[in-house]
Structures are given as structure tokens and as C-alpha cells.
Amino acid sequence: MRYGAFDDDRREYVIDRPDTPLPWINYLGSEDYFGIISNTAGGYSFFRDARLRRLTRYRYNNAPLDLGGRYLYLRDDETGDTWSPSWQPMRSELDAYECRHGLGYTTIASRHSGIRVETCSFVPLGETLEVWRVRATNERARPAPLSLFGTVEWCLWDAQDDATNFQRNYSIGEVVVEDGVIYHMTEYRERRDHFAFFACSAPIVGFDTARDAFLGPYRGWDRPLAVERGATSDSMAHGWQPIAAEQVKLELAPGETRQVAFVLGYAENPRDAKFHPAGSGRLDTRRVRPVIERHLEPAVIEAALETLHARWDELLGALQVATGNEHLDRMVNTWNAYQNMVTFNLSRSASLFESGIGRGMGFRDSNQDLLGFVHMVPERARQRILDLAATQLTSGGAYHQYQPLTKRGNDAVGSGFNDDPAWLVLAVAAYVRETGDLAILDEPVPYDGEPGTERPLDDHLRRAIDYTLERLGPHGLPLIGRADWNDCLNLNCFSDTPGESFQTTENRAGGVAESVFIAGLFVLAARELIGIEKARGNEAEARRLRAAADRMVAAVDDHGWDGAWFRRAYDFFGDPVGSAANDEGQIYVEPQGICVMAGIGLEDGRARQALDSVRERLATPHGIMLQQPAYGEYDLRLGEISSYPPGYKENGGIFCHTNPWLMIAEVLAGNPEGALDYYLRINPSAREAISDIHRCEPYVYAQMIAGRDAPTHGEAKNSWLTGTAAWNYVAATQWILGIRPELHGLRIDPRLPAGWGDVEVIRRFRGATYRISVRAAATDDAEGDGGPPHAARVTRLVVDGVPIEGSLAPLPPSPGAVILVEAVLERSVEIPA
Ligand code: GLC
Ligand code: GLC
């Protein structure tokens, strides 16, 4: 069953009832100021870092799940009737409800006893504030005297400390109210030079800043006393829980609509100009005041919204497709690209499943996320690469995570995830193929953020490669270290102490466990780098890389093949993991995907065999499981993977991130139908009809869907912040549709599944616009389905009227050019790998 519908023209998902299976969220902000917002106005906001600069409170793991938000309250001052126009937190009866999640904004509209309220929340570009544009309409036949309350609960900045350090925090909360604006000032008197504010466009009749005063004793946000009574009490918070609540009176004539705006934001003052008059201890509001006032004006709000829409049109305009498959089109054109930008901005920090106080920017995660947004914001991708490389260590290894506020590696987690460095190579390759900017390889970048250690980025990549080559195990395969892509396969850990981190514990010295996955990843990365080194004239380095890749392929041939699929690893004792010789965990998905993507086994039939094994043993209607059979008991030798109940997360869950690797592998092995089939099994839009089973948002990917062994098979978790987004985008656009940026041109190599008609693609590339039409050749259609024949490939490419050999459309003749490409597909007698 569904809880809403896609509005493709407006690029919105329209939720038509508030009680979705889980809160369905959206993101506000794309630069420095961010927020999450649920379909019932839950969520919170922060400046840059969801842990260290949290503006408002949110209660994770609450009942109901989603509590803390941008809550408005309405009161009918004639009858005393009160309600929440966003349903939560009062869960009021509403005569109509609709939430539209759009790109960077969310609009929640509802009707209750003849009063329609529509609230649009967004962050204007370039600002560190959010606007709530509230429009109230009186649909009654008589005048409506109303009170409107806008509220937030302040977080005392560090979200972790805020949720734990009560002995201090109950004494330090401070606010100031000046000209109707509530300023949150906690710790401003001492070391902070930032503060938050909450303001309203209409004259307020009262406010509250002490939570107890607003809610009343022993009451929650679902039943505030001030709302019930119709009057705030101008309370001032001294310690305890500071909030901002503002009350406005609206006297609406029949049919009248009134707009009221609230603005919530973050501001900083220069260190030496915090107070006015100097030395008075009073907040200097002179800089922020005009910013607040401007954003309360209707014309400014409309213009900011327009600018936001235009920005998204521009970003998404980098790649638009029309394939006739609505699920692929809507994900690629809108939601998948949007999710890619969100993962770019937030990595794994803040969602309904990521508390904002845990992980910072993951090295592995951010490098992969980049694959999905590099074509939209190449300059920001460049900066991200340089930031990531600067957290690399001189060994070539990398800090596993870094903090976005400081850009320094995270000591608590450290290094030793032996796949990390290879992802940097893939990210740089993707960037260079997109932009042609080979000069980035000469960019000086420090190691471990230490000034004075700068070396060209190229040196970082060499060390990344050497890191693997210098850490080979007994079978000539890469040592796994703490873990590879699968954080939960901890083969050198041996933890029997509750609470110990599986990732940072090594209870036995001399870990020699090896990873076939890293071997495949290494070959993929090395082969990408060969092209770049050649283009830079570094023939010797290209030869070295080729030889290293060949040796690694040989090691996989000798020790990585199990007979019908690729093995996963060798454990601490040299025994195979992911082998028919095991009782459980016989086949893992990751090495099948990555080895075939690296080209291993494509020529001798092993790739096909491995993919057939996946189809037979791991594929379910809800996606491809990570491994089978799932582990039934905790196994000290395997680590966290066996700690999960069967069917969840890495223990046999459908870890969606890995599925696109299999889609790409299927395309490479000549089976585009198989690729599309897998694609549609986890495509959120294609799963919309089973929203009651899937439960997460139908417009974005989730990290995981419960596997066959789980009682809740098909249920998704951990939506939004996952590498699944970038990889599915790559699989759909670069492999199924076959539009791939390369150093010397745009590859146009669609492998369209049978039954597909003509396909149109608009792709911005190197400053030009390629308008690509893919057409099936008019041959006798043996299947008679009218579409292009099975496994058809490009046989003719006509670029601006000129026929071209091969499938590479040349680089644009000049920036700004519009290039017309016609690709004709024909059935090939033999399917080349
Ligand atoms: C999570 C992590 C990612 C890891 C994956 C598999 O998604 O963010 O880095 O590769 O789990 O364990
Ligand atoms: C847990 C998760 C895994 C994630 C890791 C990050 O182990 O199962 O998916 O990558 O945490 O620390």
C-alpha cells in the first residue's frame, strides 16, 4: 500500500496521510546550515556539524519515534479549540493533510475546522537560517480569531553533551529577547562567539523562553499549557531548558489568507566585537538584525524560494533522461541525484538513523559518495578530494573518518581499514574523467593535515597503491586489517568483551587475514589509474601499475576462486571465508561484484558463473542478500558480522550498497536484462506500492532491506545516508544507459534491455551539452516486441551529423556547445564482454 504519490512535474513526493510507517524525512540546506524535517515537522537544525553546532533539540529513540521539531500550534480563540497543523506533536484530527517534500524544501498543509494552514520550510541559498512561510486561510463563512504559536527547543550546542551533562547544563541556559526576537545565548558570555535566533514577521503578543512555563508542569509538547490557555507568559529561561515560543494573533475575515513567517537561524560575531556597548556583556545584534528582518519580508522569501528552485534545476540539468521506465527516470532525474547531494553534504552524520553525534565524514564513504555528485558540482568534488587526501597518512593508509568542522582525522577510530586508500584512487579517477582536470594530480596536499608535509596528489595515489602492495598476506592477497568495505567482517579482532568496538579492537597480534574484495578493488583502482598516468605521460608508472594489477589478478585466480564463485577472504588461520567449504557464509556478494567490475573472469566464463551463483543463492525479490547462509551464532573469528541476527545488516541482510555492483557486473557480462531486474528490485519508486512492507521513504534508497532470514524480510532501514545512492546512480546512468565520462570523450554505450524503445539523454560534460538519442536500428525484429533487440549495442554513432568509429563521442569543440549525438543500436551476433 501507498502513503502518497510522486508529483514528477514539481519534483515532489506528496504524502497524503501523516501516519506513515516511519517518519519520512527531507533535508533543508545545502551549504553551511542544515536541517532534517519529517512529514510531521519533526527534526532539527545545525550549523555545519550536527554534533558540535546543534541548534535545536531532537529526541532519538523516543515514543513516538519523531519528537522535537519546528512545531506550530493553532488556537481558535473563540472556542478554545487547539491543534497542530502538522499533526504532530498534538496528533490533532485534521480534515485534510498533505506533505510535499521537494528539493531543499518541505511544505505541510492541512485543514482543521475550516482553517487551512500551509507551511513551507527552506534554507535560502547563501544564508545560515531557515524560513518557515506560514499561510493561514479562513475557509469559514465567519471571521476567525486565532492564535498562532511558533516554537523550537534550543540545544545547548554540543548535542552529545546536551543529552548527557545535566549537572552543568541545567544551570547554563541563557536567552535574550530584544524587539520580539529570541536569541539563544548559552555560553556566549564565555568562549562562544555564535548564537541562534528565532523571529516572526508579525508583531508578537507574547513569548516564552522557559520550557516549563510554556508547556506547564508535567506536560509535553503535545499539550502545552500556554496554547491551551491562549497566552504565553513572557517567561525568561535561567538554566533548565531554554526554548523559543512566539505567539501571534490573527483575525481572519472569511476567505482571507494571511502570511506569517518565522525565521530560525545561526549567526557569529567577531571575537572582539561580541558585545554592544563594548564590555557591557550585552549581545551585539547590529549585524544580524538586518539579515533577520530581510528574511521576514514576503518578497525576499519568494525570491529566495525561486533561487532555490533554479539552483536545483541547474544541478539536475547536468543529466536528464527519458527512457520510458518511470522508476528509472524519476530516480535518475530527481531523487537519486538529490540523495547524492545529501550524502555529499552530510556523509553519514544526520538522519533518522544517524544521530548526528556519531561518525564524521567517512573516508571510504565520502570517496564513494563523490561518484554520484561529481558531474553536478565538480569544483566541490575537487575540494572534497583534497580534504580527504589531506587526512591520508604517510603510510598511504588513511584515517577512517574526519570531523567536518576541523577537517582533522578522527583519532578515536584511527586507521587500518585496508580498503580505504583504494577508494581515493577511484574518486580521483571519476573526477578526472568528468572534468579532464589532470592538474589536480599536481596539487600539493599534506599528510595527516600537517603543514610542511605537502606532496602532489599523485604522490598520495602512489602511496595508496603501495599501501596495498606492501601489505600482502600468505596467499599474495591484500591483508584485510581491521576490515575492508564490510566493516563487520573483523577477522583479526577476536572480541569476547561486551561493548568492545569490533572495528578498533585487535586482540591477537600479527593479523594475517586477507581480503579477496580488496584484491578486486585494487585491480579496479589500478586499471583506472593506468589511464590517468598514461595521459600524464608517466609510462613507467603505468607499466608498474599494469604489472601490479596482473599479479593481483593472478593471486585471485590462484586463491580467490572457489569453484563457482569468488571467495571472500582468508581468516586469521588461513582458512577460506565465503567458500563452499564453510557451513555458513558460503557465498558473499561483494567479491562477485567487485572482481567482475575489475574485469576478472570475464574472458574465461568465471564471471558468468559467479553471477549465476549470485542469482541462484543470494537474489530475493527484495534485492540481493549480502551472504548466505546467514550466521546463526556469534563467531569470535568473524567479528561483528556474526553479531547481527540472521537477515539483518551485514549478516545476510540486503545491503543495498552492494547491489549496483552486481548490476554493473551483469552489464559487463552481457546481461542488461539481469542488471535492470536487480535495479528495479531495490529502486525505491518501484517499491512504492509495498510501502507498508518497505516502510522507509519511497523516494530515497535505504542502506539495508531485511534479508530472507529475517522475520521482517523486505523491511528497509537506514534510509538516506548510504553509498547505495551514488552506486545505483552510477549503475543506472553509466552502465545500463552506458553514458560514461572518459578522459578523451563521452562514452555512449547503452546496453538497453529488451523491450525498450528510444531513449533520450541530456548530459552536461566539459562545459558542453550533449543531446543524445538512442534508437534501435530498423532490423527484422525476431522477438517481435518492437523494441531494440536483446543485448543490442551501439553500431553507429553520429555526432553533429558526422559518423564516428566506435562509441566515444569526442570532447566538445568549444565550451557552451550543444552537441547532437545519435546512437543506433543493433543486435550483435556475438555479445562481446
Ligand atoms: C556502512 C558504512 C560503510 C560500510 C558499510 C558496510 O554503510 O558506512 O562504510 O562499507 O556499512 O559495512
Ligand atoms: C556498524 C554497522 C556497519 C557500519 C559500522 C560503522 O558496524 O553494522 O554497517 O558500517 O557500524 O561504524
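The values are calculated or read from the model by the stated rules, or taken from the named source; none is laboratory data. All of these numbers come straight from a predicted model, not from anything done at the bench. Every residue, glycine among them, receives a Cβ derived from its backbone with ideal geometry; neighbour counts consider all protein chains shown. Remember, those area values only see protein heavy atoms, side chains included, never the ligands or the DNA or RNA. Shrake-Rupley method; radii C 1.70, N 1.55, O 1.52, S 1.80 Å.
Which members of region 365-398 meet the condition of being within 16 Å of ligand 2 (Cβ to nearest atom) and not hydrophobic (A, V, I, L, M, F, W, C)?
Narrowing region 365-398 to residues within 16 Å of ligand 2 (Cβ to nearest atom): 365-369, 398.
Across region 365-398, the qualifying residues are Asp365, Ser366, Asn367, Gln368, Asp369.
For region 615-645: of the residues being in contact with a Ser or Thr (Cβ under 6 Å, 6 or more places away or on another chain) and among the aromatic types (Phe, Trp, Tyr), which is farthest from ligand 1 (Cβ to nearest atom)? Full working, then the answer.
First, pick out the residues of region 615-645 that are in contact with a Ser or Thr (Cβ under 6 Å, 6 or more places away or on another chain): 631, 634-635.
Still in the list and also among the aromatic types (Phe, Trp, Tyr): 631, 634.
Values: Tyr631: 15, Tyr634: 17 Å.
My answer is Tyr634.
Could you identify the single residue in Gly35, Gly43 that is assigned to a strand (DSSP E or B), without any contact (Cβ under 8 Å) to a residue 60 or more places away in the chain and crowded, with 19+ Cβ neighbours inside 10 Å?
On the way: Gly35 fails: without any contact (Cβ under 8 Å) to a residue 60 or more places away in the chain.
Selected residue: Gly43, the only one of Gly35, Gly43 that is assigned to a strand (DSSP E or B), without any contact (Cβ under 8 Å) to a residue 60 or more places away in the chain and crowded, with 19+ Cβ neighbours inside 10 Å.
Just to be sure, is Pro145 touching a strand residue (DSSP E or B) at 6+ places or on another chain (Cβ under 6 Å) and not hydrophobic (A, V, I, L, M, F, W, C)?
Working: touching a strand residue (DSSP E or B) at 6+ places or on another chain (Cβ under 6 Å): yes; not hydrophobic (A, V, I, L, M, F, W, C): yes.
It is true that Pro145 is touching a strand residue (DSSP E or B) at 6+ places or on another chain (Cβ under 6 Å) and not hydrophobic (A, V, I, L, M, F, W, C).
Yes/no matrix, rows are residues, columns are (1) part of a helix (DSSP H, G or I); (2) in contact with a strand residue (DSSP E or B) (Cβ under 7 Å, 6 or more places away or on another chain); (3) not basic (Lys, Arg):
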site	(1), (2), (3)
Glu584	no, no, yes
Pro591	yes, yes, yes
Cys595	yes, yes, yes
Ile600	no, no, yes
Arg608	yes, no, no
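Looking at the structure I just gave you, is Gly473 touching a Cys at 6+ places or on another chain (Cβ under 8 Å), crowded, with 17+ Cβ neighbours inside 10 Å and small (Gly, Ala, Ser)? Lay out the reasoning, then the answer.
Numbers: touching a Cys at 6+ places or on another chain (Cβ under 8 Å): no; crowded, with 17+ Cβ neighbours inside 10 Å: yes; small (Gly, Ala, Ser): yes.
No: the conditions fail for Gly473.
I'd like the full set of residues that are touching a helix residue (DSSP H, G or I) at 6+ places or on another chain (Cβ under 9 Å), without any contact (Cβ under 8 Å) to a residue 60 or more places away in the chain and within 16 Å of ligand 2 (Cβ to nearest atom), limited to region 653-677.
Residue satisfying the conditions is Ile654 alone.
Given the criteria basic (Lys, Arg), more than 26 Å from the chain's Cα centre (by Cα) and either assigned to a helix (DSSP H, G or I) or over 23 Å from Asp557 (Cβ atoms) (or both), does Arg463 qualify?
Against the criterion (basic (Lys, Arg), more than 26 Å from the chain's Cα centre (by Cα) and either assigned to a helix (DSSP H, G or I) or over 23 Å from Asp557 (Cβ atoms) (or both)), Arg463 qualifies.
Being within 19 Å of Arg771 (Cα to Cα) and of a type in the set (A, V, I, L, M) is the filter; apply it to region 731-742 and report the residue that is nearest to ligand 2 (Cβ to nearest atom). Spell out how you get there, then give the answer.
Filtering region 731-742 for residues within 19 Å of Arg771 (Cα to Cα) gives 732-742.
Pick out the ones that are also of a type in the set (A, V, I, L, M) and you get 732, 736-737, 739.
On the way: Ala732: 23, Ile736: 26, Leu737: 29, Ile739: 31 Å.
It comes out as Ala732.
Would you mind telling me which numbered condition in (1) within 16 Å of ligand 2 (Cβ to nearest atom); (2) among the acidic types (Asp, Glu); (3) touching a residue at least 24 places away in the same chain (Cβ under 8 Å) Asp496 fails?
(1)
Check every one of the helices (runs of 4 or more DSSP H) wholly within region 329-439 and list those with 3 or more residues that are charged (D, E, K, R) and within 30 Å of Thr769 (Cα to Cα). Before you say what the answer is, go through the steps one by one.
Values: elements: 336-346, 363-373, 378-389, 420-435.
Because the criterion is at least 3 residues that are charged (D, E, K, R) and within 30 Å of Thr769 (Cα to Cα), the helices (runs of 4 or more DSSP H) in region 329-439 that meet it are 378-389.
Between Gly476, Gly531, which is under 30 Å from Arg546 (Cβ atoms), assigned to a loop (DSSP other than H, G, I, E, B), out of contact with any strand residue (DSSP E or B) (no Cβ under 7 Å at 6 or more places or on another chain) and more than 16 Å from ligand 2 (Cβ to nearest atom)? Reasoning before the result, please.
Values: Gly531 fails: assigned to a loop (DSSP other than H, G, I, E, B).
Going through Gly476, Gly531 in turn, the sole match is Gly476.
Please work out which residue is nearest to ligand 1 (Cβ to nearest atom), limiting yourself to region 718-732 and to residues that are in a loop (DSSP other than H, G, I, E, B) and farther than 25 Å from Met1 by Cβ.
Only one residue tops the list, namely Gly723.
Could you list all residues from region 358-382 that are within 16 Å of ligand 1 (Cβ to nearest atom) and surrounded by fewer than 21 Cβ atoms within 10 Å (Cβ to Cβ)?
If the condition is that a residue be within 16 Å of ligand 1 (Cβ to nearest atom) and surrounded by fewer than 21 Cβ atoms within 10 Å (Cβ to Cβ), then Gly358, Arg359 are the ones that fit.
Does Asp458 satisfy the criteria of being outside any loop (DSSP other than H, G, I, E, B), crowded, with 18+ Cβ neighbours inside 10 Å and more than 16 Å from ligand 1 (Cβ to nearest atom)?
Working: outside any loop (DSSP other than H, G, I, E, B): yes; crowded, with 18+ Cβ neighbours inside 10 Å: yes; more than 16 Å from ligand 1 (Cβ to nearest atom): yes.
Criteria met by Asp458.
Can you tell me which residue is nearest to the chain's Cα centre (by Cα) among those in region 253-296 that are of a type in the set (A, V, I, L, M, F, W, C) and in a loop (DSSP other than H, G, I, E, B)? Break it down into steps so the answer makes sense when it comes.
Start the filter on region 253-296 by keeping residues that are of a type in the set (A, V, I, L, M, F, W, C), which leaves 253, 260-264, 267, 273, 275, 278, 283, 288, 291-292, 296.
From what is left, the residues that are in a loop (DSSP other than H, G, I, E, B) are 253, 278, 296.
Working: Ala253: 45, Ala278: 44, Leu296: 31 Å.
So the residue we want is Leu296.
Could you please give the count of residues in region 499-526 that are farther than 28 Å from Arg546 by Cβ and within 15 Å of ligand 2 (Cβ to nearest atom)? Steps first, please.
To start, the set of residues in region 499-526 that are farther than 28 Å from Arg546 by Cβ comprises 499-511.
Checking which are within 15 Å of ligand 2 (Cβ to nearest atom) leaves us with 499-505.
The qualifying residues number 7.
Tell me, yes or no, whether region 500-521 has at least one residue that is modelled with pLDDT of 95 or more, farther than 18 Å from Ser579 by Cα, within 16 Å of ligand 1 (Cβ to nearest atom) and in a helix (DSSP H, G or I).
Checking region 500-521: at least one residue is modelled with pLDDT of 95 or more, farther than 18 Å from Ser579 by Cα, within 16 Å of ligand 1 (Cβ to nearest atom) and in a helix (DSSP H, G or I).
Could you list, ordered by first residue, the pairs with Cβ atoms under 8 Å in which the first is in region 410-426 and at pLDDT 95 or above and the second is away from ligand 1 (no atom under 13 Å from the Cβ) and open to solvent by 30 Å² or more (accessible area, probe 1.4 Å), at least 6 apart or interchain?
Note: pairs meeting the criteria are Asn418/Arg471; Asn418/Leu479; Pro421/Arg463; Val425/Glu528; Leu426/Glu528.
Can you give me the ranges of the helices (runs of 4 or more DSSP H) entirely in region 647-717 with at least 3 residues that are open to solvent by less than 10 Å² (accessible area, probe 1.4 Å) and within 14 Å of ligand 1 (Cβ to nearest atom)?
Details: elements: 659-668, 672-682, 691-694.
It comes to 659-668.
Any idea which of (1) part of a helix (DSSP H, G or I); (2) open to solvent by less than 10 Å² (accessible area, probe 1.4 Å); (3) more than 16 Å from ligand 1 (Cβ to nearest atom) is the one Leu746 doesn't satisfy?
The one condition Leu746 does not meet is (1).
Could you list all residues from region 522-562 that are of a type in the set (D, E, K, R) and farther than 19 Å from Ser579 by Cα?
The initial filter retains those residues of region 522-562 that are of a type in the set (D, E, K, R), namely 527-528, 533-534, 536, 539, 541, 543-544, 546, 550-551, 557-558, 562.
Matches in region 522-562: Arg527, Glu528, Glu533, Lys534, Arg536, Glu539, Glu541, Arg543, Arg544, Arg546, Asp550, Arg551.
What is the residue count in region 172-195 for residues that are among the hydrophobic types (A, V, I, L, M, F, W, C), in a strand (DSSP E or B) and open to solvent by 20 Å² or more (accessible area, probe 1.4 Å)?
2
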